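For reference, the structure is listed below as structure tokens.
Where a number appears in this text, it was derived from the coordinates with a stated rule and is not lab data. Not measured: the values here are computed from a predicted model. For neighbour counting, all protein chains shown are included, and Cβ atoms are generated from backbone atoms with ideal geometry for every residue, glycine included.
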Amino acid sequence: MSDTDSIFHKLLKKPPAIAAISIIILTVIIAVFAYVLAPENTPNANRMIVELGARQPGFEKQLLLIPKATTTEGNKLNNWLYGTASNYNATPINSYRFKNDKIIIQHYIDEDMQDTICYSLKELLPASEQNLSLQQQEDYIKSHQIKTIRFYLGTDRYGRDILSRLIIGTRVSLSVGIIAVLLSLTIGIILGSLAGYYGGLIDNTVMWVINILWAIPTLLLVFAITLTIGKGFWEIFVAIGLTMWVSAARLIRGQVLVLREMDYVTAAKALGLSNTRIITRHILPNIAGPIMVIAASNFATAILIEAGLSFLGIGVQPPMPSWGLMIKEHYNFLLTNRPLLAIIPGLAIMLLVYAFNILGNALRDVLDVKG
């Protein structure tokens, strides 16, 4: 049995670790197939129906789909990655009836307010369906352009489907975790290994930088980097990654300081192996356990930092859905009868961060990491 299999079997004996791994795997699946699973699969689930703003979970309404003046088409790959652009505007209705070559709708404005609007059937039909008979036109509109939509988690203040934005927002949280962890571990492994192995001036210089950065609050440091490189999807990920390497470098330096005195390292030096090969082939593989633990911890931290930055308005920018941004847009609803608008994304953040923290603790126990 390999070391990886042994670690996995030990994790499976811990119920909290199983729960954490299940949550993480489910989140990854949701992120990969976000636009397939989301009820509203337009880009960023950003279809706004202002008449339906701030509705409770389970709210249901009929929509009349009215063709836009210009249409767009996308291929399957783009639709899977970025969503399917809608060629229709959605108008909520209470009822409708056909009269001659027209459709008369009761346009829903609010619970106690509606108005009557009349459309020609031809102005609602796509160009390819203009030559249908009157009865066929009515049937086509009934089957293709009048839909009953249920908002399982309700709508936000702009009338967007919360469930869809929550699902698509998983991509942001997982992306920031992956990029931040890769960037922070890359810098941390390089600087920590060099400082621990060579010591002397290199060690003193790296530790001086670490101590300086350690004294600066993380959010303040992220603010500074963000203001330097700009706000945006990729910029915020890089900013978070550049602030999280310190803890990784400090831990790795301590591990390398211990391992460089081991007999097998002394033997490797006596055989004339290069320092690079000793570090990469003989030292780093032996500290894979602590690296895995700090990766899980940094993943959770990165998700929290991104949510905090988005809440403050300097993280991911609208209309891209981010759980922190969803809380920012609706935190004032906590004191009204619509608290779920802010509570639901908050619960999503808590659950995913909890999963990575539990996984990190389980890895620490399984690998018996000290310090």
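Here are the numbers for the structure shown:
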{"quantity": "Cβ-defined net charge surrounding residue 253, 11 Å radius [Lys, Arg +1; Asp, Glu -1]", "calculated": "+1"}
{"quantity": "Extension gain from residue 262 to residue 234, taking 0.36 nm per residue of separation minus the Cα-Cα distance", "calculated": "5.9 nm"}
{"quantity": "Within straight-line cross-link reach of residue 102, aspartates and glutamates at Cα separation under 15 Å, skipping those fewer than 8 residues along the same chain", "calculated": "123, 138, 139"}
{"quantity": "Net charge of neighbours whose Cβ lies under 11 Å from the Cβ of residue 278, counting Lys and Arg as +1 and Asp and Glu as -1", "calculated": "+4"}
{"quantity": "Farthest toward positive dipole pole in region 177-328 [+1 Lys/Arg, -1 Asp/Glu at C-beta], among 236, 256, 218", "calculated": "256"}
{"quantity": "FRET E, pair residue 118, residue 216, Förster distance 45 Å, beta-carbon r, rounded to 0.05", "calculated": "0.10"}
{"quantity": "Answer label, with semi-axes √(5λ) of the Cα gyration tensor in Å calculated from the coordinates and candidates (i) 36, 26, 17; (ii) 54, 20, 19; (iii) 36, 25, 20", "calculated": "(ii)"}
{"quantity": "Region 42-58 and region 3-33: distance between their alpha carbon centers, rounded to Å", "calculated": "33 Å"}
{"quantity": "Computed [θ] at 222 nm, deg cm²/dmol, the chain (DSSP H ≥ 4; -39,500 (n - 2.57); rounded to nearest 500)", "calculated": "-18000 deg cm²/dmol"}
